[in-house]
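Trainee: One structure, as structure tokens, below. Some questions next.
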Amino acid sequence: MDAESYTDRELMVAAAAREIDDGDVAFVGMRLPLIAFQVAVSTHAPDAISVFESGVVRDDPASDFLHTMCDLPNLDRALSTTSMIDIMSRLQRGEIDVGFLGGAEIDRYGNLNTTRVTSRSREIRLPGSGGACDIACLSQRTVVLMAHEPRRFVERVTYNTSPGHGAGGDWRARESVAGGGPETLVTTKATFGFDHDGELYVKSLHPGVNLAEIADDFPWDLKTAAEVTDDPIGRTEPPSVDVLELIREFDPNGFWTR
Amino acid sequence: MPQSKVTDLSAAVGRIEPGSAVAMGLALEHAIPFAAGHELIRQETDELTLIGPISDLLFDQLVAADLVDRVRAAWVGNVSSGTGYNFRRAVEDGGLSVENHSNFSIALSLKAGAMGVPYLPTRSLLGSDIFEENDRFREAEDPYSGDRLALVPAIRPDWTVVHVQRASPYGDAHFWGNSGVAFEAVDAADDTLIVAEEIVEPDVIKSDPSRTAITRDSVTAVAEVPFGAHPAPLAGRYNRDNEFYLDYADETNDELGTIAWLNEWVRGVPDREAYMEKIDRDLHVSEPTVAAEVEYGR
């Protein structure tokens, strides 16, 4: 792979890394965010810290490729290897700036389902929450990463594993959901924000994608940045050569990103 | 003299009765006691309730062997590939009852059990269907601040099974690396089985008491099983065998494949030694990174 071309998932990792600010404590979890944190801390966020619900706290990239947060390279030279109660308590105290989530389904208000879905009237059981519900409830903000597939976008999730902005408006405050809720969704085609009512809107389209081709993927009338912020819909910045090099260093065989 | 609790794995697992509630796979992807799980399958210990945050493949394998009535967990699947096909089939066919948790709620359940209190409050869960669908989770008002909270009731497993790096014959154990909810589950359980990579002299344990995670008073039995966590990793000893997880996913996505897998890897091998002889990969840590020396003094 050369630096001129990159995969959808490499672009998602680069976009996710940009969501980690310098000095943030990031709740990382599984898959692409494993790489995004390592990119962020190697570039614009050298003072960021990552925490993992297994009990790992790190301030730098792992010493080798990670399939999971518990692979030995993630434990080696960590700041701390501790317990889940320790990590989740940081979350509950409001100390986690940004948490990463995925999902089989996301709805208009950023609620996520990873528990069960219905396909052609048949119920399909998914693995479940893991730490996602806790991250969704308690992080100051969350970033959601998902493949861009129309079946994943639903008006209302059939099972709300990880609360987003609920039914919109002041739902989180009314339901006593402590954290800030989803701020960004990154798919393989676009990035999205959430407006003052908690509703999803298109913020930027990835290179080569136009609005018409994604608008129909949503079973409601999708809002755009132009309506919400008065700014036009942006174009997602492609990953830089440096960032691509890092992604390929942290995922040398493309297990997660190709 | 304290009593030695050392026994072979088969005898130790034999003490876990059918119908037991067993917590295992508690350090997330790390240090999963697969050898003990496979022994449960060989002994056909059934009607089990399994308790844990995420079990990676272990719960899927016990479900595949048709030994499980109920799962109380946050996530059941295959961390390398996603779906645990046997768990999925069992739930979809209606043969398996699931109490859905988040990682924090299962941690708090075990912590409450460990602390000897009936429940613990949390700010998590509120607003989720995990909370809405389960009558055991209650809503309460904090009598001090008036805040709305979720109450998570205690879980007290009959047995907790943990894999550790080393233990004395009496059951005092050193563990390092991330621990997830392992120690809370030990304290919450009636009985604990320690599966140790290595059984060491009691003096080794007492040389570094800050590393002692579990003491003998919590422990019922100790079994020495090198590579007993494979394909999970164990800090300082061996890496995750990712290929094994991917092969499992390929080979168990239908019932016939699952039966063949269980016959090949569990029922057809008498013990862990024979099982490890079938693994043609060197998983030992390539470079042992050593901690700074710790001094206590007298």
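Laboratory data are not the source of any read-out in this text; all were calculated from the coordinates shown. Model, not experiment: these values are computed from the prediction. Backbone-built Cβ (ideal geometry, glycine too); neighbour counts: all protein chains shown.
Trainee: Per the helix-only calculation at 222 nm, which mean residue ellipticity applies to chain A, given -39500 (n - 2.57) for every DSSP H run of n ≥ 4 and division by its residues, nearest 500 deg cm²/dmol?
Mentor: Rounded to the nearest 500, the figure is -6500 deg cm²/dmol.
Trainee: With unit charges on the beta carbons (Lys and Arg positive, Asp and Glu negative) and the dipole taken about the Cα centre of region A:8-250, which residue among A:C137, A:T68, A:V154 sits farthest to the positive side?
Mentor: Of the options given, the answer is A:V154.
Trainee: Excluding B:D191 itself, calculate the net charge of residues whose Cβ lies under 14 Å from the Cβ of B:D191, where each Lys or Arg counts +1 and each Asp or Glu counts -1. Intermediate values should be presented prior to the final figure.
Mentor: On the way: positive: B:K5, B:R15, B:R156, B:R216; negative: B:E17, B:D158, B:D187, B:D190, B:D217.
It works out to a net charge of -1.
Trainee: Let me ask something additional. Once a ≥ b ≥ c are taken as the square roots of the eigenvalues of the Cα gyration tensor of chain B, is the result rounded (a/c under 1.5), prolate (a/b larger than b/c) or oblate (a/b not larger than b/c)?
Mentor: Verdict is oblate for chain B.
Trainee: I want to verify a result. In a Gaussian network model of chain B, Cα cutoff 10 Å, which of these has the top mean-square fluctuation: B:P226, B:P53, B:P33?
Mentor: Judging by the Gaussian network model, the answer is B:P226.
Trainee: Could you work out the longest stretch of chain B that avoids the GluC sites (Glu not before Pro) located in DSSP loops with at most 11 other Cβ atoms within 10 Å?
Mentor: Details: sites that count: B:E44, B:E293, B:E295.
With GluC sites (Glu not before Pro) excluded where exposed in loops, chain B gives B:45-292 as its longest stretch.
Trainee: Send over the per residue convex hull volume for region B:122-209, Cα only, as a whole number of Å³.
Mentor: 150
Trainee: State the antiparallel share, in %, of DSSP beta bridges confined to region B:129-192, rounding to the nearest 5.
Mentor: 75
Trainee: How big is the protein assembly as shown by the Kirkwood estimate over distinct Cα pairs, in Å?
Mentor: Details: mean 1/r = 0.0417 Å⁻¹.
For the protein assembly as shown, the Kirkwood estimate is 24.0 Å.
Trainee: So, one more: Could you list B:F244, B:F34, B:F104 in order of exposure, starting from the residue whose Cβ has the fewest other Cβ atoms within 10 Å?
Mentor: Numbers: B:F244 19, B:F34 28, B:F104 32.
Ascending Cβ contact count within 10 Å gives the list B:F244, B:F34, B:F104.
Trainee: While we're on this one: If the viscosity is 0.890 mPa s and the temperature 25 °C, what translational diffusion coefficient in µm²/s does Stokes-Einstein give for region B:1-72 when Rh comes from Kirkwood over Cα pairs?
Mentor: 195
Trainee: At most 16 other Cβ atoms within 10 Å plus a DSSP loop assignment makes a site exposed; report the longest stretch of chain A without any exposed chymotrypsin sites (Phe, Trp or Tyr not before Pro). The partial results should precede the final answer.
Mentor: Numbers: sites that count: A:W220, A:F255.
Longest site-free region, per DSSP loop and neighbour criteria: A:1-219.
Trainee: Here is a further query. Once phi is turned into θ = phi - 60°, what whole-Hz ³J(HN,Hα) does the Karplus curve with 6.51, -1.76 and 1.60 give for every residue of region A:103-117, x standing for Gly and Pro?
Mentor: x, 7, 9, 10, 10, 3, 10, x, 6, 10, 10, 10, 10, 7, 10
Trainee: Among B:A12, B:A235, B:G84, which residue has its Cα positioned farthest towards the positive end of the charge dipole of the protein assembly as shown, with +1 placed on the Cβ of Lys and Arg, -1 on the Cβ of Asp and Glu, and the dipole taken about the Cα centre?
Mentor: Of the listed residues, the answer is B:A12.
Trainee: So, one more: Which of the lysines could be linked to B:K206 by a straight reach, that is with a Cα gap under 28 Å, when you skip same-chain ones fewer than 8 residues away?
Mentor: Candidates past the 8-residue exclusion: B:K5, B:K111.
Trainee: Is it possible to state the helix-based mean residue ellipticity at 222 nm for chain B, with each DSSP H run of 4+ residues giving -39500 (n - 2.57), the sum divided by total residues, to the nearest 500 deg cm²/dmol? What is it?
Mentor: Calculated mean residue ellipticity at 222 nm is -7500 deg cm²/dmol.
Trainee: By its C-alpha gyration tensor, with a ≥ b ≥ c as the square roots of the eigenvalues, how is chain A shaped: rounded for a/c under 1.5, else prolate for a/b larger than b/c, else oblate? Mind dumping the intermediate values first?
Mentor: On the way: a/c = 1.55, a/b = 1.18, b/c = 1.31.
Here chain A falls in the oblate category.
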